[in-house]
1. Note down the nm distance, to one decimal, between modelled labels 7 Å out along Cα→Cβ at residue 367 and at residue 267.
2. Can you give the FRET efficiency to the nearest 0.05 for residue 150 and residue 325, using r as the Cβ-Cβ distance and R₀ = 35 Å?
3. Starting from the Cα-Cα distance between residue 171 and residue 193, subtract it from 0.36 nm times their residue separation and give me the gain in nm to one decimal.
4. With a point put 7 Å past each Cα toward its Cβ, work out how far residue 384 is from residue 88 in nm, to one decimal.
5. Report the calculated FRET efficiency for residue 252 and residue 8 (r = Cβ-Cβ distance, R0 = 56 Å), to the nearest 0.05.
6. Within segment 186-283, what whole-number % of the accessible surface is contributed by carbon and sulfur, with the 1.4 Å probe and all protein chains included in the calculation?
7. Pull out the extension gain between residue 346 and residue 218, defined as 0.36 nm times the separation in residues minus the alpha carbon to alpha carbon distance; nm, one decimal.
8. Using the structure shown, select from 362/402; 87/360; 150/460; 353/435 the pairs with a Cα to Cα distance greater than 21 angstrom.
Amino acid sequence: MDRNKNYLLRSFIITLLIVIMLAGMFFLPRITLFDKTLRRVDILGDVLQKDSLGNVIAETKMDSMWGFVDSMNIAMAEPEVIKLDYKDSVPEGMVAIEDFADSTGVHRDMDKFYSALDETKNRQVRIAVFGDSYIEGDILTASLRNIMQKKYGGNGVGWVEVSCVSEGFRNTVVNHNSGWSKHHANDKGGYTSSMASLAGSYFIPSGEGKLTLSCQERQYPETLSKCDQVSVWYDNTDALSMMLTLNDSISKDVDTNGYMGIQCHTTQMSNIKKVSLSARGGGVVYGICMDGKTGICVDNYSLRGSPGLHLAQLSDRFMQKIAEERPYDLIIFEYGLNVASKKRKDYSAYTDKFREVIQKFKSNFPMSSLLVFGASDRDERGNDGGYHTMRGVEELISYQRKLASDEGVAFWDMRQALGGDGSIAQLQSKGMAAKDFTHLNFKGGEHIAQILFDVLMNGKMNYDRRMGND
């Protein structure tokens, strides 16, 4: 054996192979372990161009490996350049959305929605707002829908359940119904969560169930006086028979095709102003969606007195069907005031349970941006004779913010956006809130919808600049 043999060439080849292997690992997709995404292997990281603070100025995003292998040839898409040193611009006094999806600020949960807004000319971009009596009757959501549809197109009121407590004063659609066995999540009995829609309700025909929804021209006629398509949502469990009539003139059977289970029947026609549905037989009817073919759709899912925990009990079967047929680009949760108490400072029990809601929606709607609203203001008279935020509300908001942070979703401090301490009393003095110093009225809903719209548009502007789209 030659002890003096020269191994220099062999060492060089081994070193070269290791360098090539490490360089190639940069092109592998990121690995996620225990909900944590590991950093990409990048042996050139120390020589990339950086700013004065040491931040990388730009990075080639390689998370997608589509087209990586094509007859043993590498075929990568155009690189997406993200400005990592971009600092969001927020006007003075605006309370911006806090996004906790990525601590580096590169990939944010709201980006899914901001990106979707560029597609409104080709498809529906949908927003779902879940909340309590603060938004019932389409308060806040009516104005948000109108502003968004005026900017991005679209018409129609969106989701309307067969019946609810606010149908008598909801100004955005006229609802007449009869002949139904009604079930809601806040009923004391007779409610089965596995049968419910996202609204936490379901309806069974008693003999013949009838539902008539009419567009109206009193409130936001430009966007709500007509729609272009209607979708009937139902669960055909036992030969459900339904007849759909449009504009009192065109009638057609809702053909279930003999399929059992949750279904959506959509009919398109220009200038739909009225839709009537009659149903008989065994099965469940959930509601009707009245939409445009493209543009913005805002669905209101309100449930009076609810802290939102019923959402954790909804059927994955229904949620997955919605995600397939009516996917949302933005899902908003407005809850909290029904659990706020001036004697309570620890809300961990509540947010621990609401965590199940967030995780359930993240699982069933992975392509949706999730946005948690901090509780709004709720005032009481203080020792100084003025109105101030009730003790416990600020603590609740801090727990909601931590929940959003823990789950990597977005958060908006609605109370602070309204003006902070005593803000609901200020709105009440201007005729925008009820005398209970808790709830908004429709005028107040318009006020906060405009605030929210401005916040969303500011977020969209920053997204475009960060992505180099401006």
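1. So the two model labels end up 2.8 nm from each other.
2. Values: r = 26 Å, r/R0 = 0.75.
After rounding, the FRET efficiency stands at 0.85.
3. On the way: separation 22, 0.36 × 22 = 7.92 nm, distance 2.86 nm.
Between residue 171 and residue 193, full extension yields an extra 5.1 nm.
4. It is 3.0 nm.
5. Efficiency computed from Cβ-Cβ geometry: 0.10.
6. Values: 2020 of 4450 Å².
Carbon with sulfur: 46 percent of the solvent-accessible area.
7. On the way: separation 128, 0.36 × 128 = 46.08 nm, distance 4.45 nm.
Gain on extension, residue 346 to residue 218, equals 41.6 nm.
8. Values: 362/402 17 Å; 87/360 32 Å; 150/460 16 Å; 353/435 31 Å.
Beyond 21 Å between Cα atoms: 87/360; 353/435.
The values are calculated or read from the model by the stated rules, or taken from the named source; none is laboratory data. Only a predicted model underlies this, so the values are computations on that prediction, with no experimental measurement involved. Virtual Cβ from ideal backbone geometry, glycine too; neighbours counted across all protein chains shown. Keep in mind that these areas ignore ligands, DNA and RNA; they rest on the heavy atoms of the full protein, side chains included. Shrake-Rupley method; radii C 1.70, N 1.55, O 1.52, S 1.80 Å.
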